[in-house]
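Contents: one structure, followed by commentary.
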Amino acid sequence: MDKIQEIVLKKARGKKITMLTAYDYATGLLVDKAGIDMVLVGDSLANVVLGLDSTTLVYMPEMLHHAKAVRRGVKNALLIGDMPYDSYQSDPTQAVKNAGRFIKEAGCEAVKLEWFRQCPFVAEAIIKSGIPVMGHVGLTPQTAESFKVQGKDAASAQEIIEQARILQEVGCFSIVLECIPQQLATVITETLNIPTIGIGSGVHCDGQVLVINDLLGLFDRYQPRFTKKYVNLTPIILEALAHYKSEVENSVFPGAEHSFAMDEEEFKKLKD
Ligand code: KIV
């Protein structure tokens with residue numbers, strides 16, 4: 001059974017699915033060692049790694065560069081490349097080619113697309129080319145006008161249900177539900193056969209995803225209510241850096257155990 005089938009089967013068996021983002025080799029290795037089911041090289045790279053204000057400011061070269069690094073660390077989890085805005089929304093005719101680059105050049109096993117008007121057509125074309133696609137509805141940061149909960153009234157909730165249904169119909173293997181009310185996420189989860197992966201969408205989704213920097217306390221610009229800091233690494237790292245600075249300034253580091261010695265005879269020759 002391939003990894004995609006295993007993910008889909010988890011829903012049928014009532015087993016929760018775990019997913020996290022990663023942007024480099026070291027984090028990919030850790031997330032994989034922790035037994036997380038899916039690793040997303042998210043375009044959140046723009047915000048949490050590159051310090052940019054919008055995910056629309058990352059392009060294929062950056063995404064491929066980071067996806068290749070994550071690939072070297074991830075052995076078991078399903079590796080998904082997040083298609084950047086420019087790779088499929090500004091020119092949908094380039095979508096299949098760019099999805100293929102995630103697979104061929106970076107070794108990803110699937111791609112993720114955010115909902116936009118032509119999403120069904122683009123997703124279907126990519127799937128027909130043999131590449132598994134994960135959809136993404138609700139709050140879609142690449143095109144969102146404001147970062148607030150989506151689908152709070154019946155009409156907009158109905159639209160999101162329809163989008164999720166269409167994405168299942170064109171063959172997506174899973175769908176991210178971002179920042180929608182938990183009742184709406186529950187309805188979508190119960191209606192679809194494919195797994196829903198929630199972020200800010202309540203506990204009844206088939207699985208959950210978080211941005212790894214939020215989980216580890218490594219992003220200080222904003223913390224949306226739906227994220228959870230499982231550990232705050234920032235003060236721990238700052239303490240280690242202050243310790244290093246102090247040891248260098250006081251000639252404590254490097255100690256003898258971190259240094260190399262030259263044979264005394266050779267050293268004498270050098271001095272003579
Ligand atoms: O880019 C990203 O990190 C994402 C997740 C929030 C699902 O799309």
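The values are calculated or read from the model by the stated rules, or taken from the named source; none is laboratory data. All values derive from a computational prediction rather than experimental measurement. Here the Cβ is made from the backbone with ideal geometry for all residues, glycine too, and neighbour counts use every protein chain on show.
Go through (1) at pLDDT below 95; (2) within 16 Å of the ligand (Cβ to nearest atom) one by one and return the number of the condition Asp220 breaks.
(2)
For residues in the range 178-215 being within 15 Å of the ligand (Cβ to nearest atom) and part of a helix (DSSP H, G or I), which is surrounded by the fewest Cβ atoms within 10 Å (Cβ to Cβ)?
Leu215
From the set of residues in the range 223-250 that are aliphatic (A, V, I, L, M) and either in a helix (DSSP H, G or I) or within 15 Å of the ligand (Cβ to nearest atom) (or both), which is farthest from Lys16 (Cα to Cα)? Walk me through how you get there before you give the answer.
First, the residues of the range 223-250 that are aliphatic (A, V, I, L, M): 231, 233, 236-238, 240-242, 248.
Still in the list and also either in a helix (DSSP H, G or I) or within 15 Å of the ligand (Cβ to nearest atom) (or both): 233, 236-238, 240-242, 248.
Values: Leu233: 27, Ile236: 31, Ile237: 32, Leu238: 35, Ala240: 36, Leu241: 38, Ala242: 41, Val248: 48 Å.
Among residues in the range 223-250 that are aliphatic (A, V, I, L, M) and either in a helix (DSSP H, G or I) or within 15 Å of the ligand (Cβ to nearest atom) (or both), the one farthest from Lys16 (Cα to Cα) is Val248.
List the pairs whose first member sits in the range 111-133 and is of a type in the set (Lys, Arg), whose second member is within 16 Å of the ligand (Cβ to nearest atom), and whose Cβ atoms are under 7 Å apart, counting only residues at least 6 apart or on separate chains?
Lys112/Leu40; Lys112/Ile80; Lys112/Asp82; Lys112/Met83; Lys112/Met134; Lys112/His136; Lys112/Val176
May I ask you to verify whether Leu218 is surrounded by fewer than 11 Cβ atoms within 10 Å (Cβ to Cβ) and either in a loop (DSSP other than H, G, I, E, B) or outside the structural domain of Val49 (by TED's automatic domain parsing) (or both)?
Working: surrounded by fewer than 11 Cβ atoms within 10 Å (Cβ to Cβ): no; either in a loop (DSSP other than H, G, I, E, B) or outside the structural domain of Val49 (by TED's automatic domain parsing) (or both): yes.
So Leu218 does not fit the description; no.
Working only within the range 148-160, note down all residues that are modelled with pLDDT of 95 or more, more than 15 Å from the ligand (Cβ to nearest atom) and either within 23 Å of the chain's Cα centre (by Cα) or crowded, with 16+ Cβ neighbours inside 10 Å (or both).
Listed by number, the residues that qualify are Gly151, Ala157, Ile160.
What pairs come out if I take residues in the range 37-57 that are closer than 24 Å to Gly207 by Cβ and without any contact (Cβ under 8 Å) to a residue 60 or more places away in the chain and pair them with residues that are within 10 Å of the ligand (Cβ to nearest atom) and among the hydroxyl-bearing types (Ser, Thr, Tyr) whose C-beta lies under 7 Å away, six or more apart or interchain?
Every condition considered, the pairs that remain are Leu45/Tyr23; Ala46/Thr55.
I'm told Ile166 meets every condition in (1) farther than 30 Å from Leu9 by Cβ; (2) surrounded by 14 or more Cβ atoms within 10 Å (Cβ to Cβ); (3) hydrophobic (A, V, I, L, M, F, W, C) except one. Can you identify the failing condition by its number?
(1)
Step by step: first the residues of the range 40-71, then only those that are of a type in the set (Val, Ile, Thr) and away from the ligand (no atom under 11 Å from the Cβ), then the one that is modelled with the lowest pLDDT. Which residue is that? Outline the logic, then answer.
Here is the first cut: in the range 40-71, the ones of a type in the set (Val, Ile, Thr) are 41, 48-49, 55-56, 58, 70.
Right, trim to away from the ligand (no atom under 11 Å from the Cβ) and you get 56, 70.
Numbers: Thr56: 95, Val70: 98.
Looking at residues that are of a type in the set (Val, Ile, Thr) and away from the ligand (no atom under 11 Å from the Cβ), I get Thr56.
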